[in-house]
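See structure below.
Readers should treat all values here as calculations from the given coordinates under stated rules, not as data from a laboratory. Just so it is clear, the model here is predicted, and its values are computed rather than measured. For neighbour counting, all protein chains shown are included, and Cβ atoms are generated from backbone atoms with ideal geometry for every residue, glycine included.
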Amino acid sequence: MGNHSGNLQKIKNGQRTYGITPHIPGGFVAPDTLIKIAEVAKKYNGILKITSGQRILIINLKEEDLENVWNDLKMKPAVRIQNSIKNVEICPANFCKRSKYPTIGLGMKISNNFHGMELPCRTKIAVVGCKNACTGAYSKDIAVIVDIEGKFFITVGGSSGFNPRSADILIEGISEDEAYIFVETILEYYNENGQLGEKLGHFIDRIGIDLFRKDILELIKLNLKEIKK
């Protein structure tokens, strides 16, 4: 069924039910879009589930209805292939009294440019405006976090899945523009050197955080030189 597919959720008495997840960048959704999602779910007897990844999952759908559901929604799937950037989670920094920097713009830029990018394994990114790190930023493969001085730092290799792993701090004291370049460079390096099915944290464990950091910094210098030309 191509992009009109869904995930098998349950088999009961021989009956299969499916779930779908439309793409909602950063978890920010317009009221009209929210109403449309609810109306489509109601039309096909779906149930709405708010996920931990800032998404809305529509479950209890019949297989024969999946294509019509997608056509009615007129939205893109949140995940097209498993080994890819599944989502970019963004805190409401611009509207939060604790935020040290308005990071929504950066988060949306990262989401728009990299969401769905094919990688060795499923990958999650977080962009947050303070060290409270809402969205569970430290458990993400890549996190862009703002410190108390309003500067950015990057953590890598976090995971809260089947094999949980604490993230490593890659770099501190950088600007918003530099943070974007770091994310782009990390993704390119991981894509070229990671093994199929190898999470970013496991890749870092295999080569060591020191070599990972060294290689990324060297690539950053090359990228900055190209930008300045």
DSSP-assigned coil residues among GluC sites (Glu not before Pro) in segment 122-192, each with at most 10 further Cβ atoms within 10 Å: E149
Segment 7-153 - Debye-derived log10 I(q)/I(0), Cα point model, q = 0.10, 0.21 Å⁻¹: -0.40, -1.24
GNM result for the chain, Cα springs below 10 Å: residue of V29, V128, V88 fluctuating most strongly: V29
Relative exposure of D210, D141, D168, judged by other C-beta atoms within 10 Å (fewest first): D210, D168, D141
Choice from I174, I56, I11 showing the highest fluctuation, given a GNM over the chain with Cα pairs closer than 10 Å: I11
For the chain, calculated [θ]222 nm from helices alone, where every DSSP H run of n ≥ 4 adds -39500 (n - 2.57): -11000 deg cm²/dmol
23 Å tail of the calculated P(r), segment 85-228, as % of Cα pairs: 29
Cβ-derived FRET efficiency at R0 35 Å, D210 paired with L34, nearest 0.05: 0.15
In degrees, nearest ten, helix 31-43 long axis to first principal axis of the chain (Cα): 40
Shape parameters for segment 114-164, alpha-carbon atoms, Rg then Dmax in Å: 11.6, 35
FRET efficiency, 1/(1 + (r/R0)^6) with R0 41 Å, evaluated for Q9 and Q195 via beta carbons: 0.85
No Cys partner within the rule (Cβ under 4.7 Å), the chain: C96, C121, C130
Helix 176-193 vs. the chain, principal-axis angle (Cα, 0 to 90°, nearest 10): 80
Segment 85-228 - share of DSSP beta bridges that are antiparallel (%, nearest 5): 55
Antiparallel %, DSSP beta bridges [both residues in segment 6-143], to 5: 65
Choice from C134, C121, C96 with maximal GNM fluctuation in the chain (Cα, 10 Å cutoff): C96
Set of aspartates and glutamates with alpha-carbon distance to K124 below 18 Å, sequence-local pairs under 8 removed: E89, D141, D168, E184, E188, E192, E198, D205
